[in-house]
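K.L.:
Sharing a structure with you now.
The values are calculated or read from the model by the stated rules, or taken from the named source; none is laboratory data. Treat the numbers as computed from the prediction; the structure is a model and nothing was measured. Cβ sites come from the backbone with ideal geometry, for glycine too, and all protein chains shown count toward neighbours. SASA here: full protein model, heavy atoms, side chains in, ligands and nucleic acids out. Shrake-Rupley method; radii C 1.70, N 1.55, O 1.52, S 1.80 Å.
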Amino acid sequence: MIEVQNVTVRFGGVVALDGVETQFANPVSGIIGPNGAGKTTLMNVVSGFVAAQNGQIVKDNQNLMGLAPYKRAHWGLRRSFQKEEIADDLTVAENVLVQVDHSTLTSAHKSKDVARVLEIVGMAEQADRPGARLNSFERRLTDVAKCLVGDPKLIMFDEPAGGLSVEETARLGDLILEIHARTGAQTLVIDHDVDLIARICSETLVLDFGRKIAFGPTAEVLSDPKVKAAYLGTEDI
Ligand SMILES: Nc1ncnc2c1ncn2[C@@H]1O[C@H](COP(=O)(O)OP(=O)(O)OP(=O)(O)O)[C@@H](O)[C@H]1O
């Protein structure tokens with residue numbers, strides 16, 4: 001369970017999040033809304049990149065607001081960005097290993113864990129290939145592997161399907177659906193691809209101008225007139 005409790009963020013005069021309150025209880029949950037709605041800001045509050053003026057984020061009784069960003073990562077918070085952070089001069093396996101650098105586990109244990117997550121994302125055969133030689137989908141899969149390594153508890157994907165083909169998006173969706181069973185982590189997904197959200201997220205939060213305008217089972221939320229109105233003139237839903 002991820003509890004978002006009355007979170008408010010202001011950037012000068014802009015209210016990016018306005019008392020947002022919700023509870024994500026499902027293995028995979030979505031966050032959608034028009035451009036500038038506050039979606040990325042909410043992820044930034046969870047990861048600690050942005051300080052909220054008010055509110056708390058609690059995951060399974062752990063109040064994340066009380067932890068510095070690096071401690072949240074040690075605790076098990078993982079995040080992928082709109083652009084992958086893959087080092088060109090490191091191999092795929094080394095890129096993933098960096099994520100668990102801080103861990104006190106033995107290097108044999110870490111290598112085994114890296115091999116396990118590369119197997120899950122389908123990149124085991126490319127483990128020794130340098131980042132520079134990966135295509136865009138392989139980079140994305142390596143980024144997902146970085147989120148899976150080292151006992152994650154909460155994984156956040158910001159527009160994971162951006163720039164992917166229909167087939168690649170379908171594969172990525174399958175992979176995200178497997179995460180909870182394979183790692184136990186709960187996943188939050190922001191994406192403008194509403195078909196992907198509808199397929200993989202059993203519940204979805206809709207933000208508009210920093211406010212929660214809907215939350216609940218994804219199919220219900222997507223047919224809500226308030227949600228359709230928020231998207232009017234911006235994109236189809
Ligand atoms: N660091 C910042 N400084 C000032 N304003 C910001 C900052 N980050 C976000 N904002 C503003 O806060 C509001 C919410 O932005 P945010 O990026 O969270 O929206 P979003 O829903 O993720 O949008 P998109 O779908 O376009 O990525 C916008 O008005 C944005 O301009």
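K.L.:
Which residue pairs have Cβ atoms under 8 Å apart, sit 6 or more places apart or on different chains, and have a first residue in segment 39-57 that is within 17 Å of LEU205 (Cα to Cα) and a second that is near the ligand (Cβ under 9 Å from one of its atoms) and assigned to a loop (DSSP other than H, G, I, E, B)?
P.N.:
If the second residue must be near the ligand (Cβ under 9 Å from one of its atoms) and assigned to a loop (DSSP other than H, G, I, E, B), the pairs left are LYS39/GLY33; THR41/VAL50; THR41/GLY210; ASN44/VAL50.
K.L.:
Tell me which residues, restricted to segment 1-23, are more than 13 Å from the ligand (Cβ to nearest atom) and farther than 15 Å from ILE213 by Cα.
P.N.:
Taking segment 1-23 as the starting set, the residues that turn out to be more than 13 Å from the ligand (Cβ to nearest atom) are 1-6, 19, 21-23.
The answer is MET1, ILE2, GLU3, GLN5.
K.L.:
A follow-up question, please. Output the residues belonging to segment 155-175 that are within 16 Å of the chain's Cα centre (by Cα) and either more than 14 Å from ARG79 (Cβ to Cβ) or open to solvent by 40 Å² or more (accessible area, probe 1.4 Å) (or both). Please lay out each step first, then the result.
P.N.:
To start, the set of residues in segment 155-175 that are within 16 Å of the chain's Cα centre (by Cα) comprises 155-162, 169, 172-175.
Of everything in segment 155-175, those that are within 16 Å of the chain's Cα centre (by Cα) and either more than 14 Å from ARG79 (Cβ to Cβ) or open to solvent by 40 Å² or more (accessible area, probe 1.4 Å) (or both) turn out to be GLU159, ALA161, GLY162, THR169, LEU172, GLY173, ASP174, LEU175.
K.L.:
When you scan segment 98-108, how many residues do you find that are crowded, with 17+ Cβ neighbours inside 10 Å and without any contact (Cβ under 8 Å) to a residue 24 or more places away in the chain?
P.N.:
So the answer is 0.
K.L.:
Would you please name the residue that is nearest to LEU148 (Cα to Cα), looking only at residues in segment 71-96 that are more than 16 Å from the ligand (Cβ to nearest atom), surrounded by 15 or more Cβ atoms within 10 Å (Cβ to Cβ) and among the small types (Gly, Ala, Ser)?
P.N.:
GLY76
K.L.:
So how many residues does segment 197-214 have that are within 15 Å of the ligand (Cβ to nearest atom) and acidic (Asp, Glu)?
P.N.:
Going residue by residue through segment 197-214, those that are within 15 Å of the ligand (Cβ to nearest atom) are 197, 204-214.
Subsequent filtering for residues that are acidic (Asp, Glu) retains 208.
Looking only at that region, the number is 1.
K.L.:
Here is a further query. Determine which member of the set SER136, SER202 is in the same structural domain as ASP18 (by TED's automatic domain parsing), of a type in the set (Ser, Thr, Tyr), out of contact with any Cys (no Cβ under 6 Å at 6 or more places or on another chain) and open to solvent by 20 Å² or more (accessible area, probe 1.4 Å). First the steps, then the outcome.
P.N.:
Working: SER136 fails: in the same structural domain as ASP18 (by TED's automatic domain parsing).
When all the criteria are applied, what remains is SER202.
K.L.:
Got at least one residue in segment 214-237 being touching a Phe, Trp or Tyr at 6+ places or on another chain (Cβ under 7 Å), open to solvent by 30 Å² or more (accessible area, probe 1.4 Å) and in a loop (DSSP other than H, G, I, E, B)?
P.N.:
Yes.
K.L.:
A further question on this structure: Being surrounded by 19 or more Cβ atoms within 10 Å (Cβ to Cβ) and in contact with an Asp or Glu (Cβ under 7 Å, 6 or more places away or on another chain) is the requirement here; does PRO152 meet it?
P.N.:
no
K.L.:
For segment 1-70, which strands (runs of 3 or more DSSP E) that fit wholly inside it have 2 or more residues that are assigned by TED's automatic domain parsing to the domain that holds PRO217 and open to solvent by 40 Å² or more (accessible area, probe 1.4 Å)? Step through it out loud before you land on a result.
P.N.:
Details: elements: 2-11, 14-24, 28-32, 54-59.
Where strands (runs of 3 or more DSSP E) fall fully within segment 1-70 and carry at least 2 residues being assigned by TED's automatic domain parsing to the domain that holds PRO217 and open to solvent by 40 Å² or more (accessible area, probe 1.4 Å), they are 2-11, 14-24, 54-59.
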